[in-house]
Amino acid sequence: MALDLRICHLYPDLLNLYGDRGNITTLAQRARWRGVAVEVTEVPVGTPLRAAEYDLFFIGGGEDRQQVLAAGDLQQGKGGALREAVEEGATLLAVCGGYQLMGRYYRPAEGEDLPGISLLDLATQHPGKRRPRLIGNIVIRWDPPPAGAPPTLVGFENHGGRTVLGSAAHPLGQVVAGFGNNGEDRTEGAAYRNAYGTYLHGPLLPKNPWFADHLIMLALRRRHGEVELAPLDDQIEAQAHEAAVRRAR
Amino acid sequence: MTDLRLGAGILAGRLSAALIRALGAGGATTMPGRVARAVAPDLLARLGRRLMRGSVLITGTNGKTTTARLLTGILGRAGWRSIHNRAGANLPAGIAAALLAHSALDGQVRGDVGVFEVDEAALPLVVESLRPRVLVLGNLFRDQLDRYGEIDLVADRWRDALRRLEADALVIYNADDPLVADVARDFPAARTFGIADSSVRRGEALEHAADGRYCYRCGVPYRYEAVFLGHLGAYRCDSCGTARPLLTVAADNVRLRGITGSVFTLTTPVGRADVTTTLPGLYNVYNIVAAATAALTLGTTLGLVRTVVRDFIPAFGRGEQITIEGHTVYMLLAKNPAGFNEVLRTVLSGARPVVAVIAINDLTADGRDVSWLWDVDFEMLREHCRAAVVTGIRAHDMAVRLKYAGLPEEAITLEPDEERAIHCGIDLLALGEPLYVLPTYTAMLRIRDLLARRGYVRAFWED
Ligand SMILES: [Zn+2]
C-alpha cells in the first residue's frame, strides 16, 4: 500500500522569519524521495483548522506584530484542535515564536501577557530590553536520540524571551554550545508525546536530517503502522551539520 | 569644543589614514574616522556644517551604494564637488573618514555637497550629526536579523530619524514600499518615487518571504494591483483605504533586457525622458529613479540625469563585469532574500541555462545567521542553471539548499575555497559563455580582493 503524509503548515505568511519554509521543504522532499506521497496544506489566520486531516503540524517564528496576530487566531479554536490532535498521537514541530505560543503564556517586557495554547508545559518571559537577546549558533545533545541517529542537533537561535519548562515537558536536549531555553539551565526545547518545540532555526531540519526522518516516521506510524524509511545519501547534509558544529565553537 | 580639538581630530585621523596606506593594510575607509572621532567626538557635525550645499543621506536595505554613486555622478556632471563614502563604509566612522579625506587641518572642507550612504540602523545618529538637506529612503527588506532585529525596529529608527530632521529638510521615499511609505507619508516636505508601469509586475501575489503584507493601521493584508519586487508594488488596504501615495517621479514603459540593463521613461514634474542603462534588473530601475528624484530636487536638469545614467558603469560587485580568460564574469552582490530573488530573476532571464558561482559567508557584515538562504527562491535554478559552484564559509549550507531546491547533485560542485571555485566555474564554461558570481557582502570583498591581486579588477578603495 502506498504511504501518504499530510502536513499542515500553520501561518506560513505570518510566521516565516528564519527560513522556516526550509523545514517543510525538507520534510516533503525526504518523504517523497522514499516514495511517500506528500500533501502540504497551508492554514493561515482566519481559516478553520480541521486537525483530523493532518499527520504532522508545523508552526514557525515571526516578528512581534505577527506573533500577536497568530496568538489571537490560535485562541479562536485552532489551539484546542492542536492540543486534541497531539493527545491523539499527531506529530508537531514548533520553532522559535511558534514554540513560545505552544506554552502557557509569553510575558513581554511591558504590556499584557500573550496567551499560549498550553500544549507544552512551559512559560516564556522577556527579561526586559536591557538584557541581551540570545543570538548565535547553537549545538545541543539530543536527549535521548532515536536509535541509530547521531546525538547532536545544530541550528541558530535568536530570541529575547527566556523559556522555563514545567514538569510535564521534557527538554529536547542539553546545550553543548549556545544558550538554549533561557541561557541558564542548559536545557533546550521541549518534548511531549510526539510534539516538539525548539529555538533552533537555521532552519532546523535540513542540517539535522535524522530529526526530519524521526518526525516523518512518527507521523506515518499513526495511520500506517510500523514503517521503515529507506536510507538516503545524506553526505551533503552531514557535512553541513559538521561545518555548523565547528562554526558554533 | 575648540577648533584646536577639531584640528587635532583631523590630524589624528589623517595620520592614521596615511599609516594604514603605508602599511598596505587596505583602503583606510573606516579606521581614520574612528580615530578622529575619538579625539573630536563632534567632528562629523562640524565638518558636515562646512559643506556649502549640505548633505544628502541615502539609506535602505538594498541599493544604497548604487543610488549614491549615481547621484554623485549626476552632481559631478553638474559641476558640484561631492564628498562621498564610495567604498560603502556607511557607519558614522566611515562617513567621518570620507569627510576627513577632504578636510584641511583648520576644518575647511574641500567639497560642495556630501552624498553619503548610511546604514539603516545608524540613520538617527547620522541625521542628528549631519543635519541633512535631503534624506532618501529606498526600501526595507528583512536583512541580517541577528544584527538589525525585526524590520519593524528598523522602521521605528527611521521614524526617529525623521523627527530629528530640520524643518527645511526634504524626504524622498519609495512609495511602492508600504513599510517605507508608512514611515514617511506624513512628513510635510516629502517627494515620492516608484514604478508606474504595471506591465513589469510579477503578479498580484507576494513571494514567500515578503515583508510588510499587513496594513500598519488595521492589520489586514494589503491588496496588490501589482507586485514589482519583494513587497514593493501598487497596494491598497481595503479596510482603511491606505494606499500607495502618488508618485512624484516614476519609471514608465519599462523594458528589462536581462543582464544587459533596461530602458524606461522617466516621468517627472519637469518633463519626461527616455532613459537607457546598463544596470541590470528592476531593482536598479528603482535605484535610478531614486537618484534622479534627488538630483532633480537639488536642481540638476533631466538631460544631465539621462546622460549620466546612460554612461554609468556598474561597479564594485553590483553587476560589475570582469574579463577572465576571455570570459565575461558578472559579479552581482546578493545579500538578502528580496535582493537575491531579483538577482536570480535577472541572471536567469536569458534563453540558455547558466553557470553560477554562489559564495556564502556568515561574518558579521553578512549576518551570522544563514537561515535566510531558505527564503530565497533557488527553485528558479532548476530549469535555468546547468551548473552551480558553491563556495565561502557556508558553502555546505548552500549545497544543501540547492539539493532541496531540486537541482541534481551532479549539477552542484562544492568548493569552499573562493579562488578555486571561480576557476572551477570558468572551467565549466563553453566558448564565449559568461559566468555569474553571486556573493554575499564579505564574500564579494574577498573575491574582489583575490581578483585584484591577479590584476583583473582594481582594489575597492581605488574604484
Ligand atoms: Zn488599513
Do we have any residue at all in the range B:208-221 that's in the same structural domain as residue B:64 (by TED's automatic domain parsing), under 22 Å from residue B:310 (Cβ atoms) and away from the ligand (no atom under 16 Å from the Cβ)?
no
It is to be established whether one or more residues within the range B:455-463 are buried (at least 20 other Cβ atoms within 10 Å of the Cβ), in contact with a strand residue (DSSP E or B) (Cβ under 7 Å, 6 or more places away or on another chain) and under 24 Å from residue B:372 (Cβ atoms).
no
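Residue-by-condition table, conditions (1) in a helix (DSSP H, G or I); (2) modelled with pLDDT of 95 or more; (3) more than 25 Å from residue A:233 (Cβ to Cβ):
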| site | (1), (2), (3) |
| --- | --- |
| A:28 | yes, yes, no |
| A:31 | yes, yes, no |
| A:34 | no, yes, no |
| A:67 | yes, no, yes |
| A:81 | yes, yes, yes |
Members of the range B:122-153 that are of a type in the set (A, V, I, L, M) and within 11 Å of chain A (Cβ to nearest Cβ)
B:145, B:151, B:153
Does residue A:237 satisfy the criteria of being assigned to a strand (DSSP E or B), among the acidic types (Asp, Glu) and either within 14 Å of chain B (Cβ to nearest Cβ) or closer than 23 Å to residue B:368 by Cα (or both)?
no
Please list, ordered by first then second residue, the pairs with beta carbon atoms under 9 Å, 6 or more apart or interchain, first in the range B:160-177 and over 25 Å from residue B:232 (Cβ atoms), second outside any helix (DSSP H, G or I) and aliphatic (A, V, I, L, M).
B:167/B:189; B:168/B:189
Members of the range B:118-135 that are farther than 13 Å from residue B:159 by Cα and within 17 Å of the chain's Cα centre (by Cα):
B:118, B:119
Pull out all pairs, ordered by first then second residue, where Cβ-Cβ is under 6 Å, the residues are six or more apart or on different chains, the first lies in the range A:42-63 and is within 25 Å of residue B:216 (Cβ to Cβ), and the second is among the β-branched types (Val, Ile, Thr).
A:60/A:95; A:61/A:95
Determine if the range A:6-16 includes at least one residue that is farther than 22 Å from residue B:207 by Cα and either within 9 Å of another protein chain (Cβ to nearest Cβ) or surrounded by fewer than 24 Cβ atoms within 10 Å (Cβ to Cβ) (or both).
yes
Report, ordered by the first and then the second residue, all pairs with beta carbons closer than 6 Å, sequence separation of six or more or different chains, a first member in the range B:208-223 that is on the phi < 0 side of the Ramachandran plot and facing another protein chain (nearest Cβ under 10 Å), and a second member that is more than 12 Å from the ligand (Cβ to nearest atom) and in a strand (DSSP E or B).
none
State the number of residues belonging to the range B:226-247 that are in contact (Cβ under 8 Å) with a residue 60 or more places away in the chain and away from the ligand (no atom under 16 Å from the Cβ).
5
From the list B:86, B:37, B:46, exactly one residue is in a loop (DSSP other than H, G, I, E, B) and out of contact with any His (no Cβ under 8 Å at 6 or more places or on another chain). Which is it?
B:86
Do you know which residues across the range B:127-145 are crowded, with 21+ Cβ neighbours inside 10 Å and assigned to a helix (DSSP H, G or I)?
B:127, B:129, B:130, B:145
For the subset of the range B:397-429 comprising residues that are among the small types (Gly, Ala, Ser) and not in a helix (DSSP H, G or I), which member is farthest from the chain's Cα centre (by Cα)?
B:406
Note: among B:296, B:304, just one is crowded, with 20+ Cβ neighbours inside 10 Å, more than 14 Å from chain A (Cβ to nearest Cβ) and more than 30 Å from residue B:150 (Cα to Cα), namely B:296
Go through (1) in contact (Cβ under 8 Å) with a residue 12 or more places away in the chain; (2) within 10 Å of chain A (Cβ to nearest Cβ); (3) surrounded by 19 or more Cβ atoms within 10 Å (Cβ to Cβ); (4) over 16 Å from residue B:340 (Cα atoms) for residue B:400 and report which single condition fails.
(1)
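Every residue in the range A:100-158 that is among the small types (Gly, Ala, Ser), touching a Pro at 6+ places or on another chain (Cβ under 9 Å) and part of a loop (DSSP other than H, G, I, E, B), please. Write out each step before concluding.
Within the range A:100-158, the first condition is being among the small types (Gly, Ala, Ser), and the residues that meet it are A:103, A:109, A:111, A:116, A:118, A:123, A:128, A:136, A:147-149, A:155.
Retained after the next criterion (residues that are touching a Pro at 6+ places or on another chain (Cβ under 9 Å)): A:109, A:155.
Once the filter is applied, which keeps residues that are among the small types (Gly, Ala, Ser), touching a Pro at 6+ places or on another chain (Cβ under 9 Å) and part of a loop (DSSP other than H, G, I, E, B), the range A:100-158 yields only A:109.
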With the condition kept exactly as written, say whether any residue in the range B:383-396 is assigned to a helix (DSSP H, G or I) and within 14 Å of chain A (Cβ to nearest Cβ).
yes
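Within the range B:161-173, can one find any residue that is touching a helix residue (DSSP H, G or I) at 6+ places or on another chain (Cβ under 9 Å), farther than 17 Å from residue B:124 by Cα and away from the ligand (no atom under 16 Å from the Cβ)?
no
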For the condition of a type in the set (Gly, Ala, Ser) and under 22 Å from residue A:59 (Cα atoms), what is the one hit in A:167, A:118?
A:118
Hits in the range A:218-234 - residues which are closer than 15 Å to residue A:147 by Cα and buried (at least 16 other Cβ atoms within 10 Å of the Cβ):
A:218, A:229
Looking only at the range B:182-205, how many residues end up being within 16 Å of the ligand (Cβ to nearest atom) and in a loop (DSSP other than H, G, I, E, B)?
2
I'm told residue A:40 meets every condition in (1) of a type in the set (Val, Ile, Thr); (2) surrounded by fewer than 20 Cβ atoms within 10 Å (Cβ to Cβ); (3) more than 14 Å from chain B (Cβ to nearest Cβ) except one. Can you identify the failing condition by its number?
(3)
I'd like the full set of residues that are in contact with an Asp or Glu (Cβ under 6 Å, 6 or more places away or on another chain) and polar (S, T, N, Q), limited to the range A:175-202.
A:181
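The values are calculated or read from the model by the stated rules, or taken from the named source; none is laboratory data. Model, not experiment: these values are computed from the prediction. For neighbour counting, all protein chains shown are included, and Cβ atoms are generated from backbone atoms with ideal geometry for every residue, glycine included.
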